[in-house]
1. First check a/c for the range 236-283, with a ≥ b ≥ c the square roots of the eigenvalues of its C-alpha gyration tensor; if it is under 1.5, answer rounded, and if not, answer prolate when a/b is larger than b/c or oblate otherwise.
2. With r defined as the distance between the Cβ atoms of residue 85 and residue 313 and R0 fixed at 22 Å, what FRET efficiency is calculated, to the nearest 0.05?
3. Summing +1 for each Lys or Arg and -1 for each Asp or Glu, what net charge is found among the other residues whose Cβ lies under 12 Å from the Cβ of residue 162?
4. Going by a ≥ b ≥ c, the root eigenvalues of the Cα gyration tensor, does the range 134-257 fall in the rounded group (a/c under 1.5), the prolate group (a/b larger than b/c) or the oblate group?
5. Would you grab the residues whose amide H sits under 5 Å from the one on residue 67? Only those 5+ places off in sequence or on another chain, please, with H modelled 1.01 Å from N.
6. If you filter the range 167-257 for trypsin sites (Lys or Arg not before Pro), then keep DSSP loop positions with at most 10 other Cβ within 10 Å, what is left?
7. At 1.4 Å probe size, with the rest of the protein present, what percent of the exposed accessible area of the range 109-172 is carbon and sulfur atoms?
8. Is there a pair in 275/296; 275/321; 187/321 whose C-alpha atoms are over 24 Å apart, and which pairs would that be?
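The values are calculated or read from the model by the stated rules, or taken from the named source; none is laboratory data. Remember, predicted model here, so these are calculated numbers, not experimental data. Methodologically, a virtual Cβ is constructed for each residue, glycine included, from the backbone with ideal geometry; neighbour enumeration extends over all protein chains shown. Surface accessibility is based on the protein's heavy atoms, side chains included, excluding ligands, DNA and RNA. Shrake-Rupley method; radii C 1.70, N 1.55, O 1.52, S 1.80 Å.
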Amino acid sequence: MKRYRLILAVAAAAFVLGGCGNSGRKDMLKPYQVSYEMDAVLDNSGEMGRADFFAENLCVVTGEEAYTDELIDAGAAIIFNRTDREVLFSNHAYERLYPASITKLMTALVAIENGDLNATIQITQDMLKGLENTSLANIQPGETYTLEQLLYGALLPSGNDAAIAIAYLVGNGNLDNFVAMMNEKAKQIGATGTHYVNPHGLSDDDHYTTAYDVYLVLDHLMEHEIFSQIVSTDQYTAEYQDTDGKTGTREFNTTVRYTSGSVEMPEGITVVGGKTGTTTPAGSCLALVSQDGAGKQYISVILKASDRESLYEQMDQLFTKILK
């Protein structure tokens with residue numbers, strides 16, 4: 001077998017992408033051509049086989065002209081049947097947008113696949129620099145946590161401090177090493193519309209993703225039971241050790257309103273779990289795994305909704321695609 005590099009160019013002018021640009025962004029964050037790279041396989045006769053990237057276990061958006069919904073006006077919105085590998089709705093799936101704390105899904109994936117859940121790290125003041133007045137798990141210098149506890153802290157209350165601590169722990173004390181691991185994992189799973197510069201999602205022009213790439217990350221995360229265990233939890237108590245060896249506790253509460261029960265799921269659908277993200281440039285974002293009465297799983301992603309109320313209204317509207 002011969003293996004070649006194949007580039008799938010998704011033109012911004014085509015119907016797959018739509019206008020959601022912002023003149024204040026760099027060009028990479030405007031609707032424009034996005035190239036998704038994949039390993040294409042030629043058999044010995046020269047016939048083109050199925051590209052690895054478009055494997056049979058992935059949903060593939062081949063066109064968006066069939067999906068219309070006037071009630072959905074976020075920067076990007078998708079809902080895929082993960083069980084049957086069927087696209088139920090897709091709008092701007094390949095447009096590069098700021099991910100905010102949706103970033104922490106990749107942080108979790110890299111940590112779960114490369115770290116020891118029982119490994120520990122002591123929090124230092126240097127780790128927490130620059131995170132003031134951002135979303136925090138409120139872990140403090142001198143406290144020692146396991147990787148598993150930090151995953152709860154990053155995914156439930158969306159702690160930027162917990163995400164940084166994960167990066168130092170799994171990246172062997174080097175933040176850049178961990179971010180490189182994030183970008184390498186994105187490349188491995190075909191998320192080539194994505195680039196990371198940090199493990200938490202605070203805004204940077206070079207830090208972006210697409211709704212489709214978020215689907216790819218979530219799809220891989222759902223192969224790990226620990227992830228489902230964490231994101232299905234509404235509250236978690238972490239027991240840490242302080243500098244004197246004494247035990248203290250820290251409460252982590254989910255920011256996903258479906259999981260907390262502050263927003264009801266539509267009848268016939270249950271939430272497995274997910275991740276929120278909010279910054280001014282990114283708007284309100286939500287990536288979610290849900291399940292219908294027959295046990296089929298769905299992945300839905302909304303990026304850049306105008307506010308949290310609109311975010312959940314539009315996610316509810318995506319759920320109607322399941323119930324049709």
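1. Details: a/c = 4.36, a/b = 1.84, b/c = 2.37.
In terms of gyration-tensor shape, oblate.
2. 0.20
3. Working: positive: 104, 250; negative: 143, 148, 161.
Counting the neighbours of residue 162, the net charge comes to -1.
4. prolate
5. none
6. 246
7. 40
8. Beyond 24 Å: 187/321.
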